[in-house]
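Novice: Sharing a structure with you now.
The values are calculated or read from the model by the stated rules, or taken from the named source; none is laboratory data. A quick note: this is a predicted structure, and the numbers were derived from the prediction, not measured. In this analysis, Cβ positions are derived from the backbone assuming ideal geometry, glycine residues included, and neighbour counts consider all displayed protein chains.
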Amino acid sequence: MPYVFRIILLVLLGVPLALRAQSEKEKLGVIPAPAEVRMAAGFFRIDSRTRLWYSDETAKKTAVQLNDYLQKNHGLTLQLKQGQGQAQGNTLAFSTTASLGPEAYTLQSGPGGIRISGDAAGLFYGLQTLLQMCSKTGGQLRVAAAEISDRPRYAFRGIMQDVGYHIYPVSFIKSQIDMLAKYKMNVYHWHLTEDHGWRIEIKKYPKLTSIGAYRESTQISHYTDSLTGQDHQPYGGFYSQDEIRDVVAYAAARNVTVIPEIELPGHSLAALAAYPEMACGDKPGPFKVAQNWGIFEDVYCAGKEQTFHFLQDVLTEVMDLFPSRYIHIGGDECPKERWKACKYCQQRIRAEGLKNEFELQSYFVKRIERFVNGKGRQIIGWDEIREGGLAPNATVMAWRSIDEGIKAAQENHDVVMAPMSHVYFDFLQGPRDREPLAIGWGFNPAERVYAYDPTPAQLTADQKKHIIGVEAPIWTEHMDTHRKVEYMLYPRLMALAEIAWTFPERKDSVDFFEHRLPKHLAELDQSDIVYRVPGPIGLRDTTLQGSKFTISLRPPVSGAKIYYNFDGQDARETDYLYEKPFDVILKKGEKRQMKSVVVTPSGKRSAGTTTLFRNP
């Protein structure tokens, strides 16, 4: 919308003309940060007299969502009217337009009213911004006056939830989708099959769930290839097709696309336990669903035609359940030892004129791609699908390194960046001795996630266009409850949302971690969701050298309290309550250890922080 027309509209809505550039401390508190914001004086008050307008059926869906929210959370039910929402005072209007671009929106608010415009997705994201702007003061629900023009940096913004190692209730899956929607994420990548369990009902092959969904025991020790540390308890479960349809519809109503992943040709031991004839050899098996972590050499046979018939049947049912453009076919960590010894695989290599087993994997993936493309869909796979030659239309999910994404983009393939170096959410967030059991390597705190730029600088302008998004994988070997998943997901999800949506020039780590995130964590603290409470702002696990230090702290969760001591014991509520900055003065050669704990309004606690002070 041209600026002059925006000014006219703001006048009609009652927004003062004295719009001013947004300073760092005047930000709205919205995560992810919008592309353009201009603040104004005053507020719009939402009450029972507010009229709710919508321009058409598309806008009506968003208006109804707002009305449902107001009724559930504030006891308000507004009167809905169709029209353009002429600014007559106390008006909240949703208007559909495609002119802003995919998922983009504008939001104008002032004392006289609020107008949100965009396509279907844009209206939904404008609503999420509006809800984050709402505050209740003196019993009044109000929205700050502002002019916002917003759009996403990337089209693909998601997380990958593995349920192969451990499975979680549908109610939890839906709670994750709610949080994705709130923070303008639009992809839920559902990793449904693994060596350790097949989690999706396939009608044509019932043994995939009656046998493949259950294992005899689960490794509880650290990530090794041994069988030590087993719990010796049967474990399993799967999602019915009705449950999957329910989740897909729930996500679609919140502008989230669910992308299924069916692993092939590797990570297929659970399927082979059910149907061993799909493995290499004349009489393969018997196989057992994996119970220890690691990579297994038994994989789908690339030489048998029945393997492809089986996978095509499976994928047909999968595509009937999931309307997503992409179907994820895995493609990672596929050992080649069985193929080297398999007469059928070697016959396939000779018949197709392939050089080796890596090209045989490429043949496997390309053949699956032709089938999926024939159904009007596209494949996406982990970066190993590049090995032996990349399928023509495939999108690459770069996980092993940023370089793998660079190579794929340089080959003119679309790329979703998911490097374990920055966005693996199964990696530690703090010192190992203070964190839940996690995978044996990697350290990705929220600060590291936030600092990541998914578009590599070394790509050309045209190559950068192939970086279509970013995703954070959540592998769950050590997450046997959904509460552990929550702990690993929040608040890193908020940092991920900002790098996925917000353009780099609008990012501000100080504003994010010190001003906006504490407010969002305070809201999360009021829910039943578990999250990792950060340490105090201004205090790090480190060694500082000097003779005088001014300790100035802020709570990482709004309303939280900070307790500290210098006696070397873990801090408790019986220690000093931090209230204002203070100085620590050290004598020559003196060393002091400070420990602190954050206690949130709901009673959640930080993992603990230790800082050493030493005179140089």
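Novice: (1) charged (D, E, K, R); (2) surrounded by 18 or more Cβ atoms within 10 Å (Cβ to Cβ); (3) farther than 30 Å from W190 by Cα: which one isn't true of D383, the others all being true?
Specialist: (3)
Novice: When you scan segment 179-203, how many residues do you find that are under 30 Å from K464 (Cα atoms) and touching a residue at least 60 places away in the same chain (Cβ under 8 Å)?
Specialist: Count: 12.
Novice: Against the condition surrounded by fewer than 18 Cβ atoms within 10 Å (Cβ to Cβ), more than 30 Å from A155 (Cβ to Cβ) and either of a type in the set (V, I, T) or modelled with pLDDT of 95 or more (or both), how does V4 come out, does it pass?
Specialist: Judged against the criteria, V4 is a match.
Novice: Here's a check for you: in segment 586-616, which residue that is over 13 Å from L539 (Cβ atoms) and at pLDDT 90 or above is surrounded by the fewest Cβ atoms within 10 Å (Cβ to Cβ)?
Specialist: Of everything passing the filter in segment 586-616, G603 is surrounded by the fewest Cβ atoms within 10 Å (Cβ to Cβ).
Novice: Can you tell me how many residues in segment 383-438 are hydrophobic (A, V, I, L, M, F, W, C) and within 30 Å of T609 (Cα to Cα)?
Specialist: Qualifying residue count for the region: 8.
Novice: So G266 clears everything in (1) surrounded by fewer than 19 Cβ atoms within 10 Å (Cβ to Cβ); (2) in contact with a Cys (Cβ under 9 Å, 6 or more places away or on another chain); (3) not charged (D, E, K, R) except one condition, right? Which one?
Specialist: Of everything listed in (1) surrounded by fewer than 19 Cβ atoms within 10 Å (Cβ to Cβ); (2) in contact with a Cys (Cβ under 9 Å, 6 or more places away or on another chain); (3) not charged (D, E, K, R), G266 misses just condition (1).
Novice: Kindly indicate whether any position in segment 501-510 is farther than 30 Å from L180 by Cβ and surrounded by 14 or more Cβ atoms within 10 Å (Cβ to Cβ).
Specialist: No - not one qualifying residue is present in segment 501-510.
Novice: Then there's this: Taking the conditions exactly as written (under 33 Å from the mean Cα position of the chain (by Cα) and under 16 Å from T610 (Cα atoms)), does S552 satisfy them or not?
Specialist: yes
Novice: Let me ask something else. If we keep just the residues of segment 511-532 that are free of Cβ contacts under 8 Å to residues at least 60 places away in the same chain and among the charged types (D, E, K, R), which is surrounded by the fewest Cβ atoms within 10 Å (Cβ to Cβ)?
Specialist: Once the filter is applied, the top-ranked residue is D528.
Each row is one residue, and each column tells you yes or no for (1) within 16 Å of L311 (Cβ to Cβ); (2) of a type in the set (D, E, K, R).
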site	(1), (2)
G331	yes, no
K340	no, yes
Q346	no, no
R350	no, yes
E359	no, yes
N373	yes, no
R377	yes, yes
G388	no, no
I402	no, no
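Novice: Report yes if S117 is modelled with pLDDT of 95 or more, assigned to a loop (DSSP other than H, G, I, E, B) and either among the small types (G, A, S) or assigned by TED's automatic domain parsing to the domain that holds L192 (or both), otherwise no.
Specialist: no
Novice: Would you tally the residues in segment 156-176 being touching a helix residue (DSSP H, G or I) at 6+ places or on another chain (Cβ under 9 Å) and either closer than 23 Å to V449 by Cβ or in a loop (DSSP other than H, G, I, E, B) (or both)?
Specialist: 14
Novice: Would you mind stating whether A495 is of a type outside the set (V, I, T) and either in the same structural domain as E447 (by TED's automatic domain parsing) or within 30 Å of W382 (Cα to Cα) (or both)?
Specialist: Yes.
Novice: Tell me which of these F238 doesn't satisfy, since it passes every other one: (1) farther than 30 Å from K61 by Cβ; (2) without any contact (Cβ under 8 Å) to a residue 60 or more places away in the chain.
Specialist: Every listed condition holds for F238 apart from (2).
Novice: Take the conditions in a helix (DSSP H, G or I), closer than 30 Å to E486 by Cβ, modelled with pLDDT of 95 or more and touching a strand residue (DSSP E or B) at 6+ places or on another chain (Cβ under 8 Å) and apply them to E369. Does it pass?
Specialist: No: the conditions fail for E369.
Novice: Since I468 meets every condition but one in (1) assigned to a strand (DSSP E or B); (2) buried (at least 20 other Cβ atoms within 10 Å of the Cβ), which condition does it not meet?
Specialist: All conditions pass for I468, except number (2).
Novice: Working carefully through the options Y239, Y250, find the one that is under 30 Å from P102 (Cα atoms), assigned by TED's automatic domain parsing to the domain that holds Q378 and of a type in the set (F, W, Y).
Specialist: Going through Y239, Y250 in turn, just one is under 30 Å from P102 (Cα atoms), assigned by TED's automatic domain parsing to the domain that holds Q378 and of a type in the set (F, W, Y): Y250.
Novice: Checking L92 against (1) assigned to a loop (DSSP other than H, G, I, E, B); (2) in contact (Cβ under 8 Å) with a residue 24 or more places away in the chain; (3) over 30 Å from F513 (Cβ atoms), which test does it fail?
Specialist: Unmet for L92, out of (1) assigned to a loop (DSSP other than H, G, I, E, B); (2) in contact (Cβ under 8 Å) with a residue 24 or more places away in the chain; (3) over 30 Å from F513 (Cβ atoms): (1).
Novice: Something else about it: Could you look through segment 155-206, keep only residues that are within 30 Å of V30 (Cβ to Cβ) and of a type in the set (K, R), and pick out the one that is surrounded by the most Cβ atoms within 10 Å (Cβ to Cβ)?
Specialist: Applying the filter and picking the extreme gives R157.
Novice: Is it true that some residue in segment 237-253 is of a type in the set (F, W, Y), on the phi < 0 side of the Ramachandran plot and over 26 Å from the mean Cα position of the chain (by Cα)?
Specialist: no
Novice: Looking at L131, L141, can you tell me which residue is surrounded by fewer than 19 Cβ atoms within 10 Å (Cβ to Cβ) and within 30 Å of T481 (Cβ to Cβ)?
Specialist: Of L131, L141, the one residue that is surrounded by fewer than 19 Cβ atoms within 10 Å (Cβ to Cβ) and within 30 Å of T481 (Cβ to Cβ) is L131.
Novice: Here's something else I'd like to know. Kindly indicate whether L80 is without any contact (Cβ under 8 Å) to a residue 40 or more places away in the chain, farther than 16 Å from A121 by Cβ and not in a loop (DSSP other than H, G, I, E, B).
Specialist: yes
Novice: Condition test on K340, is it at pLDDT 95 or above and not in a helix (DSSP H, G or I)?
Specialist: no
Novice: Okay, next question. If you check R572, R532, R540, which single one turns out to be touching a helix residue (DSSP H, G or I) at 6+ places or on another chain (Cβ under 6 Å), under 28 Å from L437 (Cβ atoms) and charged (D, E, K, R)?
Specialist: One residue alone meets the criteria, R532.
Novice: Hey, another quick one. Do the conditions hold for A146, that is, is it modelled with pLDDT of 95 or more and crowded, with 17+ Cβ neighbours inside 10 Å?
Specialist: Here the answer is yes, as A146 does meet what is asked.
Novice: Residue check, L311 against (1) surrounded by 20 or more Cβ atoms within 10 Å (Cβ to Cβ); (2) of a type outside the set (K, R); (3) farther than 30 Å from Y188 by Cβ, all met but one. Which one?
Specialist: (3)
Novice: Under the condition of being part of a helix (DSSP H, G or I) and in contact with a helix residue (DSSP H, G or I) (Cβ under 7 Å, 6 or more places away or on another chain), which residue from segment 351-362 is surrounded by the fewest Cβ atoms within 10 Å (Cβ to Cβ)?
Specialist: E357
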